[in-house]
Amino acid sequence: MTASTETGSGAETDAQSQRIGLALTTLFAVACGALAANLYYAQPLVALIGADTGLSVSAESVIVTVAQIGYAIGLVFLVPLGDILENRKLILATMGLNVVSLVGLALAPGLASLFAMMLVVGITSCAAQMIVPLAANLAPAAERGAVVGNVMTGLLGGILLARPVASFLADYISWRGVFAASAALVGLVLLVGLLRLPARTPTVGKGYGELIGSLGKLFAKQPVLRRRGLYHASMFGAFSLFWTAAPIILFREPFNFSSTQVALFTLAGVFGVFAAPIAGRLADRGHTVIGTTIAISLAVLAFVLAWFGETVFWPLLLAGVVIDLGVQANLVFGQREIYELDASIRNRLNSVYMTTFFLGGAVGSALASPLLETFGWTAVCLVGAGAPALSLLYFVLVDAKGS
């Protein structure tokens, strides 16, 4: 681990890090889950949204892409503000805009307003990535991994539950009702946050342009941040590849699953949330190297299992559980490492980390259909296993030896 390249690393001490307990950790976890889920509700609903708004079948996936683009914008241009603006006001204001955009999405009369609101939903959902660094700042150093792991359990739970919940609810309240229900949930969390969210004023004095400009420098000059981001980019790319391609083959012979059955299959990923708090506690006890090795290995193992799942269901189901356990554990190990670099710039560290692996996830999603249609399921498994395997090789031969 290298020293910070910016001043102020000691500006925030653990004297400020004694104000987080179970109730506040739970609030953070629920808030992160409610916000992160907004990016994934649309995935099983694109056909319904397209039919209702007149969007062509070939363009339906653009709905999800717009939300992801918005999230990336938020990660780069909003999340770093947590290093210079009072955190409570920033988070609550962003959540308030999220509620407004969700209501606007639920009421969208046409395609232009639909895409505009989806973009804003994505941008403002990045409030989840403002909350995680706040939790890390409030937690005592000895418990930081455990606290981050607990908060990430909520965030990951929101991601993993979003797709099956949206599928089930849409049968009863339509796709518009799903986003209206999300607005109600985020609004409720916002009200609780007004009462319980603590204030935190950063000590870093920077202008906005300088703040955003420092992101690239952090990636270039912080090897721990860069490596951890790229490790998880390979993991999240494999994750996105699996969860985009696996439902496609389940709709086909020999499975012929219905939408409800596919929704139930995606629930297998929920087991991954249990990895986050365990990983956090292992990191606090100094087991990051072995933990990271196991986490990345699980992603490779998942695609070995998945290779047998093209015509047999149970290996595919087990692969879904295994890859989620590995990805969620590795995410927390990475966050625990980068949050130790410099307390005064944790929002920017989180922004760079999340943006890096988010891009990896986007690549994985984009490759799923071309690989499957052109080269078949075996190619999906080879690429899915190959990316984390390369990361594992580098980590074991280079990074782990220097730890």
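The values are calculated or read from the model by the stated rules, or taken from the named source; none is laboratory data. Nothing here was measured: the structure is a model prediction, and the numbers come from that model. Positions of Cβ are generated from backbone atoms using ideal geometry, with glycine treated the same way; all protein chains shown enter the neighbour counts.
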- Task: For Ile49, indicate whether it is within 14 Å of Phe115 (Cα to Cα), of a type outside the set (Gly, Ala, Ser) and surrounded by 20 or more Cβ atoms within 10 Å (Cβ to Cβ).
- Result: yes
- Task: Look through Gly145, Gly122, Gly177 and report the one residue that is closer than 24 Å to Tyr339 by Cβ and of a type in the set (Gly, Ala, Ser).
- Result: Gly145
- Selection count where residues are over 22 Å from the mean Cα position of the chain (by Cα) and not aromatic (Phe, Trp, Tyr), scope the stretch 249-286: 12
- Filter result for the condition that a residue is in contact with a helix residue (DSSP H, G or I) (Cβ under 8 Å, 6 or more places away or on another chain) and either more than 20 Å from Tyr339 (Cα to Cα) or outside any helix (DSSP H, G or I) (or both), over Gly291, Gly280, Gly309, Gly229: Gly309
- Of those in the stretch 35-69 that are within 15 Å of the chain's Cα centre (by Cα) and assigned to a loop (DSSP other than H, G, I, E, B), the residue modelled with the highest pLDDT is Asn38
- Task: Evaluate the stretch 280-289: report whether one residue or more is in contact with a Pro (Cβ under 8 Å, 6 or more places away or on another chain) and either crowded, with 22+ Cβ neighbours inside 10 Å or farther than 17 Å from Arg228 by Cβ (or both).
- Result: no
- Tell me which residues, restricted to the stretch 289-338, are at pLDDT 95 or above and hydroxyl-bearing (Ser, Thr, Tyr). Thr292, Thr293, Ser297
- Query: Taking the stretch 185-233 only, how many residues are within 15 Å of Val352 (Cα to Cα) and small (Gly, Ala, Ser)?
  - Reply: 6
- Of residues in the stretch 88-124 being under 24 Å from Leu55 (Cα atoms) and of a type in the set (Ser, Thr, Tyr), the one surrounded by the fewest Cβ atoms within 10 Å (Cβ to Cβ): Ser113
- On the given criteria, is Gly286 out of contact with any Lys or Arg (no Cβ under 6 Å at 6 or more places or on another chain) and modelled with pLDDT of 95 or more? no
- Residues (over 16 Å from Gly320 (Cα atoms) and of a type in the set (A, V, I, L, M, F, W, C)) located in the stretch 357-381: Phe357, Phe358, Leu359, Ala362, Val363, Ala366, Leu367, Leu371, Leu372, Phe375, Ala379
- Verdict on Pro223 being more than 26 Å from Val121 (Cα to Cα) and in contact with an Asp or Glu (Cβ under 6 Å, 6 or more places away or on another chain): no
- Residue pairs within 7 Å by beta carbon, gap of at least six or interchain, first lying in the stretch 295-306 and more than 11 Å from Val327 (Cα to Cα) and without any contact (Cβ under 8 Å) to a residue 40 or more places away in the chain, second part of a helix (DSSP H, G or I) and not acidic (Asp, Glu), listed first then second, are Leu301/Val322; Leu305/Pro315; Leu305/Leu318; Leu305/Ala319; Leu305/Val322
- Task: For Leu195, indicate whether it is under 21 Å from Ala128 (Cα atoms), part of a helix (DSSP H, G or I), touching a residue at least 12 places away in the same chain (Cβ under 8 Å) and not charged (D, E, K, R).
- Result: no
- Item | Flag if Leu105 is closer than 22 Å to Ile69 by Cα, aliphatic (A, V, I, L, M), touching a residue at least 12 places away in the same chain (Cβ under 8 Å) and not assigned by TED's automatic domain parsing to the domain that holds Gln328 | yes
- The number of residues in the stretch 211-226 that are buried (at least 23 other Cβ atoms within 10 Å of the Cβ) and either under 19 Å from the mean Cα position of the chain (by Cα) or outside any helix (DSSP H, G or I) (or both) is 2
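Matching residues to (1) surrounded by fewer than 19 Cβ atoms within 10 Å (Cβ to Cβ); (2) over 15 Å from the mean Cα position of the chain (by Cα):
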residue: Val352; (1), (2): no, no
residue: Leu359; (1), (2): yes, no
residue: Ala366; (1), (2): yes, yes
residue: Phe375; (1), (2): yes, yes
residue: Cys381; (1), (2): no, yes
residue: Gly386; (1), (2): yes, yes
residue: Ala389; (1), (2): yes, yes
residue: Leu393; (1), (2): yes, yes
- Item | Looking only at the stretch 163-208, and only at residues there that are among the small types (Gly, Ala, Ser) and at pLDDT 95 or above, the one that is surrounded by the most Cβ atoms within 10 Å (Cβ to Cβ) | Ser182
- Would you point out the residue of the stretch 239-258, among those that are surrounded by fewer than 17 Cβ atoms within 10 Å (Cβ to Cβ) and of a type outside the set (D, E, K, R), that is farthest from Tyr40 (Cα to Cα)? Pro254
- Task: Might you check whether a residue that is modelled with pLDDT under 90, among the small types (Gly, Ala, Ser) and out of contact with any Phe, Trp or Tyr (no Cβ under 6 Å at 6 or more places or on another chain) occurs anywhere in the stretch 235-244?
- Result: yes
